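The values are calculated or read from the model by the stated rules, or taken from the named source; none is laboratory data. All of these numbers come straight from a predicted model, not from anything done at the bench. Methodologically, a virtual Cβ is constructed for each residue, glycine included, from the backbone with ideal geometry; neighbour enumeration extends over all protein chains shown.
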């Protein structure tokens with residue numbers, strides 16, 4: 001096959017090799033097709049409207065090896081240190097894209113809440129994936145998505161039986177570790193929630209020791225009628241690492257999908273979150289927070305498709321950019337013809353702390369119905385002088401006052417999250433990331 | 001009285017190109033309550049903010065002496081440490097920052113500046129609870145973020161509550177009465193009256209006379225065109241209420 005660009009050709013060559021599921025005809029075929037799609041599409045360029053502000057050249061000019069399962073180990077204490085305090089969760093740990101059974105804890109997950117690693121399912125129970133794998137995430141979504149389908153080694157398969165509530169959250173910890181040469185991991189997460197099923201899933205991406213790897217993740221979620229899923233996606237790749245991730249959701253009637261997307265790490269990070277509100281009563285919340293400094297580049301693209309009447313979406317993204325950091329936010333809301341009586345609210349608020357930081361923010365509303373309520377707004381600004389004066393007039397020094405206001409800005413996003421342990425951990429985490437964070441601590 | 005707590009002489013100030021204060025004089029002694037009244041745009045809120053150290057205003061002439069020192073050279077937080085407090089007309093919401101922790105940090109910053117040890121946590125909490133009760137705030141306020149989700153009246157009560165906890169020597173209240181119903185106004189007035197004392201001065205900036213039914217001022221000043229046009233006792237406030245601010249403006253015109 002001939003590839004659209006040399007990089008893609010090289011990556012396809014390097015990632016090739018045996019994988020679980022190869023002996024299953026339809027899986028092998030899906031992978032082959034995806035590899036062809038990847039070759040044809042190539043990696044996205046800034047000539048594509050959706051990638052206009054994000055050049056993936058830093059990824060293209062590096063050579064990533066396939067991550068070796070035998071090297072997919074990490075010290076147990078390093079993994080333990082990544083635990084979210086007070087969070088009692090089923091925990092699956094992946095190192096450079098491979099499941100690390102010894103570091104994981106699936107106790108309590110049973111037949112009603114099945115949590116399995118994908119490689120195991122590929123090898124032993126491929127039939128269970130028949131209408132799941134690639135059902136929701138189109139491999140031609142981008143060259144990256146195609147690469148994931150073609151070369152994913154592992155990931156998670158979460159099945160929630162009808163009328164079942166997963167009592168404990170499910171944490172998927174993806175750790176990127178430093179190797180002799182940078183590696184690429186293509187984790188795949190598939191979640192299916194039956195009628196009125198409920199679960200909280202946390203995808204947690206962490207880079208250790210300045211790993212320079214690429215994480216190329218794809219998540220597919222299908223929600224049956226009345227199902228509810230709260231989905232945290234916490235991206236803390238190393239400052240030298242790369243992260244490309246896309247989430248694809250299909251929602252049946254009266255289902256609710258809540259996305260909390262936090263992006264703190266990576267030198268270049270791109271996240272796409274897409275949901276289809278495919279039946280009446282479906283609703284979604286897209287909540288996001290991104291913090292970037294130095295020369296970080298963080299891009300979020302979201303798409304909410306109101307395909308049917310009486311659907312509802314609420315989207316609020318906030319970002320704090322310092323140094324030479326660059327942020328991109330593109331929020332597309334599509335309202336199909338006849339999708340009357342829908343509600344869609346969107347906001348994107350940004351603080352730029354330095355003259356060199358930059359944000360490109362764009363709401364994109366495409367509305368083909370006439371009886372709808374839609375609103376959107378984007379702000380870009382500095383800290384409110386009046387609020388700063390208020391705190392100083394109470395005796396708070398200026399640096400601490402600034403730190404408090406930054407924290408308060410981020411807190412508005414954290415406040416929408418419902419898991420107390422995670423919220424508290426994130427608050428502490430955000431404080432550490434902020435300038436003068438240590439002084440903020442005594443106020444919260 | 002040897003020296004006034006606050007002495008303002010010939011104060012001129014501008015914001016951007018607009019001159020707002022044009023030669024304002026005022027003396028406030030410890031133990032006194034002063035009401036500063038005036039029509040919109042007379043400069044009364046500007047005066048309150050300049051005293052607290054707001055940066056957007058440029059003082060072009062004149063002086064402000066507070067307890068013998070040049071107030072205008074101090075940063076806002078230094079003024080707070082020195083005992084100056086401004087109750088805001090529009091208090092700011094700060095999500096995630098605990099109301100009581102802010103007060104504790106503010107109090108400790110002030111104590112540190114005065115060479116005192118940090119406040120004892122137990123003493124602080126019991127003091128806070130007692131003052132909350134006086135201001136009609138229930139215990140849930142202990143866990144709430146600064147002004148977040150507060151109604152207009154709750155915000156104003158919170159300002160007075162903060163003032164009571166921080167125990168400033170010079171309390172400046174910028175239109176604390178605006179937007180309050182009569183019950184809330186009474187609570188606010190109760191708090192302010194509680195604060196009256198021989199070592200403390202209170203400056204009430206207000207547009208309306210009704211606050212002064214509940215807080216009896218020792219002196220009333222009428223501001224217009226950036227200057228004190230008329231000073232008197234509380235009967236001046238009643239006269240103003242009766243005759244309206246046009247009366248002041250006419251007097252101003254005839255003396256100009």
Inset, instruction - Return the residue satisfying two criteria in turn: it lies in segment A:280-297 and is over 17 Å from residue A:413 (Cα atoms) and touching a strand residue (DSSP E or B) at 6+ places or on another chain (Cβ under 7 Å), and of such residues it is surrounded by the most Cβ atoms within 10 Å (Cβ to Cβ). - result: A:282
Legend entry - Tally, over segment B:104-126, of residues that are without any contact (Cβ under 8 Å) to a residue 12 or more places away in the chain and either in a loop (DSSP other than H, G, I, E, B) or buried (at least 16 other Cβ atoms within 10 Å of the Cβ) (or both): 7
Legend entry - Cβ pairs under 6 Å, 6+ apart, first in segment A:121-135 and within 15 Å of residue A:148 (Cβ to Cβ), second at pLDDT below 95 and in a loop (DSSP other than H, G, I, E, B): A:122/A:20; A:122/A:21
Inset, instruction - Answer yes or no as to whether residue A:421 is assigned to a helix (DSSP H, G or I) and modelled with pLDDT of 95 or more. - result: yes
Inset, instruction - Scan segment B:64-101 residue by residue and report those that are crowded, with 20+ Cβ neighbours inside 10 Å, within 14 Å of chain A (Cβ to nearest Cβ) and part of a strand (DSSP E or B). - result: B:84, B:85, B:86, B:87, B:94, B:96, B:97
Inset, instruction - For segment B:44-63, enumerate the residues that are more than 14 Å from chain A (Cβ to nearest Cβ), buried (at least 23 other Cβ atoms within 10 Å of the Cβ) and touching a strand residue (DSSP E or B) at 6+ places or on another chain (Cβ under 6 Å). - result: B:44
Inset, instruction - Would you check if residue A:380 is farther than 27 Å from residue A:407 by Cβ and either more than 14 Å from chain B (Cβ to nearest Cβ) or at pLDDT 95 or above (or both)? - result: no
Legend entry - Hits in segment A:273-291 - residues which are under 12 Å from the mean Cα position of the chain (by Cα) and within 13 Å of residue A:305 (Cβ to Cβ): A:273, A:274, A:286
Legend entry - The one condition in (1) in contact with a strand residue (DSSP E or B) (Cβ under 9 Å, 6 or more places away or on another chain); (2) surrounded by fewer than 22 Cβ atoms within 10 Å (Cβ to Cβ); (3) outside any strand (DSSP E or B) that residue A:338 fails to fulfil: (1)
Legend entry - Hits in segment A:1-42 - residues which are within 28 Å of residue A:70 (Cβ to Cβ) and in a loop (DSSP other than H, G, I, E, B): A:16, A:17, A:18, A:19, A:20, A:21, A:22, A:23, A:24
Legend entry - Flag if residue B:163 is outside any helix (DSSP H, G or I), touching a residue at least 60 places away in the same chain (Cβ under 8 Å), within 14 Å of chain A (Cβ to nearest Cβ) and touching a strand residue (DSSP E or B) at 6+ places or on another chain (Cβ under 9 Å): no
Inset, instruction - Would you check which residues across segment A:405-423 are at the interface with chain B (Cβ under 7 Å from one of its Cβ atoms) and out of contact with any helix residue (DSSP H, G or I) (no Cβ under 9 Å at 6 or more places or on another chain) and list them? - result: A:412
Inset, instruction - Any chance you could count how many residues in segment A:385-404 are crowded, with 19+ Cβ neighbours inside 10 Å, assigned to a helix (DSSP H, G or I) and facing chain B (nearest Cβ under 7 Å)? - result: 6
Inset, instruction - Being surrounded by fewer than 19 Cβ atoms within 10 Å (Cβ to Cβ) and facing chain B (nearest Cβ under 9 Å) is the filter here, so list the residues in segment A:424-443 that pass it. - result: A:442
